[in-house]
Amino acid sequence: MESWLRILFLFACLFPAFVECRIRRYNFNVMMKTTTRLCSSKPIATVNGKFPGPTIYAREGDNVLVNVVNHAKFNVSIHWHGVRQLRTGWSDGPAYITQCPIQPGQNYVYNFTITGQRGTLFWHAHILWLRATMHGAIVILPKLGVPYPFPKPDHEAVVVLAEWWKSDTEAVINQAIKSGLAPNVSDAHTINGHPGAISNCPSQGGYTLSVDPGKSYMLRVINAALNEELFFKIAGHKMTVVEVDATYVKPFKTDTIIIAPGQTTNVIVTADKGSGKYMVAASPFMDAPIAVDNVTATATLHYSGTLASSITTLTNTPPKNATPVANNFIDSLRSLNSKKYPAKVPKKVDHSLFFTVGLGINPCSSCKQGNGSRVVASINNVTFVMPTVAILQAHFFGIKGVYTTDFPQNPPFKFNYTGIPPTNLATMSGTKVYRLPYNATVQLVLQDTGIISPENHPIHLHGFNFFAVGKGIGNFNPKTDPNNFNLVDPVERNTIGVPSGGWVAIRFRADNPGVWFMHCHLEIHTTWGLKMAFLVDNGKGPNESLLPPPKDLPKC
């Protein structure tokens, strides 16, 4: 009987809505699985054979242990996107930044505690382009007895948006690297793993969300796509936005949300139509002359009692360059900033940084398709070079020659960033980090450039949340633009879009010792080098210091 009780308790611990368990244990088996989409099949990298992968459930304050076993023939690592990882950088996951990857036949236990967070995050592979199919949700419930700061919905559902290539994604990016040009765009978008009704593949099904009339549903929407920002809407229904990136916001209603790769958004939908079937749509947003996958993914919101043969009510998706629709949503986001959930915006700034983000062109003698050149990407004109030893290990053990701490605080040369580009489009290369003392406050202005083309860049910062205190179009003016910063209730995020041809200003406190990656969450831009890292020194005493590495930390 005791063994059965243990099994029941362990099972219940995976679903925290039913029981309080301070430790959540999961097993992630990395394996290939032949999967059919768009009427064609291919083997894909998965966790536990699922696409999307399994959902992790936890409560605020829980300790999460995930044993990742690599049964595949390639190296792998997993990033717990948006989890603060306070002092546990060894479990953050980006390969060669905080850890060496898990080699074939090996395993690694990621061990972290959910501290001061509740809402929706997600996990994904953080090496090569494996996150195209290796990703899943992280659902963080409030502590037992702590209510949502909004009416509790009757039901909840996870909605993962992604992209699908008929070809092997590693072959797609390898061909792009060889040519020096951009990779082929995806063949479809997906909602919970399915593209929905595709005209040239009539047998392709789609995800169905079954609802009961009068009930309310919280949709935990995640953009796990590799390279595209997406609009999301439901025909005939308004959505109330209540949370982004696992932080509560002042609720507001909308019929369309914009969500960039790496971002999450919780919305509440009330099934107030009584009956029927309604189209759920995810379509691309791109307000620059850049090629995108223009196929709309569809799913169905299906009222109980409605016949399957009933006609589905359709919706028009925004034009792909609908910047006003995107801005209307982004500008509506405000931190809840309540007594229980205050917006702790740094008012004093210790480090004022100005980073340009964008593209460049470097020589490449083997890139015949690129006429002897290759497209690259950079931050402050530095194209990041991935090391062969993890930077966090080099920092902790004092290994020389892995990185330098001279990442520039400002662009090395000034030009009209959003105007006519300079004649020299080349970048410098290096494995550079920016060093911060513990508890320093940082203001970082991220400025898009018009080199090759202006473009919206969703920038993700590991290890921290930050406040988006201001944004604008054109070049940032340090004398006048700060006068309009919102230091009262700016939205708090871990991933922020730098507007096409514009800038965004963020603030955060460096209260997490370790090495923390910052990069564009458009995977092609990360591949091209639009990435860097912050090195945050230890503070005073053990509670302000990086924990020592675990014994099973993978070796390079």
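Taking a ≥ b ≥ c as the square roots of the eigenvalues of the Cα gyration tensor, segment 311-365 is oblate, since a/c reaches 1.5 or more and a/b is not larger than b/c. Full extension of the chain between Ser453 and Val146 yields a length gain of 105.8 nm, computed as 0.36 nm times the residue separation minus the alpha carbon distance.
Summarising the amide proton neighbourhood of Asp287: residues at separation of 5 or more, or on other chains, whose placed amide H is nearer than 5 Å comprise Asn456. Per residue, the solvent-accessible area of segment 275-434 (1.4 Å probe, heavy atoms of protein chains only, all protein chains present) comes to 51 Å².
If you average the alpha carbon positions of segment 109-154 and of segment 252-311, how far apart do those two centres end up, in angstrom? A separation of 21 Å, based on Cα centres. Amide H contacts of Ile198 (H built 1.01 Å from N, in plane; Pro and chain starts excluded): Gln204 sit under 5 Å, all sequence-distant by 5 or more or on other chains. For the set Lys250/Lys344; Lys238/Lys531; Lys233/Lys273; Lys344/Lys414, the pairs lying more than 25 angstrom apart at their alpha carbons are Lys238/Lys531; Lys344/Lys414. Is the shape of segment 471-556 best called rounded, prolate or oblate, per the rule: a/c under 1.5 gives rounded, else a/b larger than b/c gives prolate, else oblate, with a ≥ b ≥ c the square roots of the Cα gyration tensor eigenvalues? Oblate, since a/c reaches 1.5 and b/c is not below a/b. Working from Cα pairs under 8 Å separated by at least six residues, relative contact order for segment 69-169 is 26 percent.
Mean separation of Cα pairs under 8 Å and 6 or more residues apart, divided by the residue count, gives segment 150-300 a relative contact order of 29 percent.
Of interest is the spacing of the C-alpha centroids, which for segment 480-550 and segment 330-358 amounts to 11 Å.
Loop-located trypsin sites (Lys or Arg not before Pro) in segment 405-449 (DSSP state not H, G, I, E or B) with no more than 15 neighbouring Cβ atoms inside 10 Å: Lys414. Could you tell me which of rounded, prolate or oblate describes segment 166-255, using a ≥ b ≥ c as the square roots of the eigenvalues of the alpha-carbon gyration tensor, with rounded for a/c under 1.5 and, failing that, prolate when a/b is larger than b/c and oblate otherwise? The shape class here is oblate. Rounded to whole numbers, the Karplus 3J(HN,Hα) couplings from phi for segment 149-154 are x, 7, x, 5, x, 6 Hz, using 6.51 cos²θ - 1.76 cosθ + 1.60 with θ = phi - 60°, and x at Gly and Pro. For Val109, Val160, the ranking by accessible surface with the largest value first comes to Val109, Val160, using a 1.4 Å probe.
Ignoring the sites themselves, the chain has its longest run without chymotrypsin sites (Phe, Trp or Tyr not before Pro) in a DSSP loop having at most 14 other Cβ atoms within 10 Å at 19-412. Which trypsin sites (Lys or Arg not before Pro) from segment 490-556 combine a DSSP loop assignment with at most 16 other Cβ atoms within 10 Å? Taking segment 490-556 and a limit of 16 other Cβ atoms within 10 Å, the loop trypsin sites (Lys or Arg not before Pro) found are Lys540, Lys551, Lys555.
Loop only by DSSP, 15 or fewer other Cβ within 10 Å of the Cβ. Give me the trypsin sites (Lys or Arg not before Pro) in segment 51-112 that pass, ordered by residue number. Loop-located and lightly packed - Lys73.
Can you give me the C-alpha center-to-center distance between segment 386-453 and segment 170-217, rounded to a whole angstrom? About 34 Å separates the Cα centre of segment 386-453 from the one of segment 170-217. Summed over qualifying helices (DSSP H, 4 residues or more, each -39500 (n - 2.57)) and divided by its residue number, the chain shows a 222 nm mean residue ellipticity of -2000 deg cm²/dmol. For segment 240-252, putting each phi into the Karplus relation 6.51 cos²θ - 1.76 cosθ + 1.60 with θ = phi - 60° gives couplings of 9, 7, 10, 6, 9, 6, 6, 9, 5, 10, 5, x, 8 Hz, in residue order, rounded to whole numbers and with x for Gly and Pro.
The values are calculated or read from the model by the stated rules, or taken from the named source; none is laboratory data. Treat the numbers as computed from the prediction; the structure is a model and nothing was measured. Glycine gets a Cβ as well: all are built from the backbone with ideal geometry, and neighbour counts include every protein chain shown. We work out accessible area using only protein heavy atoms, side chains counted, and drop any ligands, DNA or RNA first. Shrake-Rupley method; radii C 1.70, N 1.55, O 1.52, S 1.80 Å.
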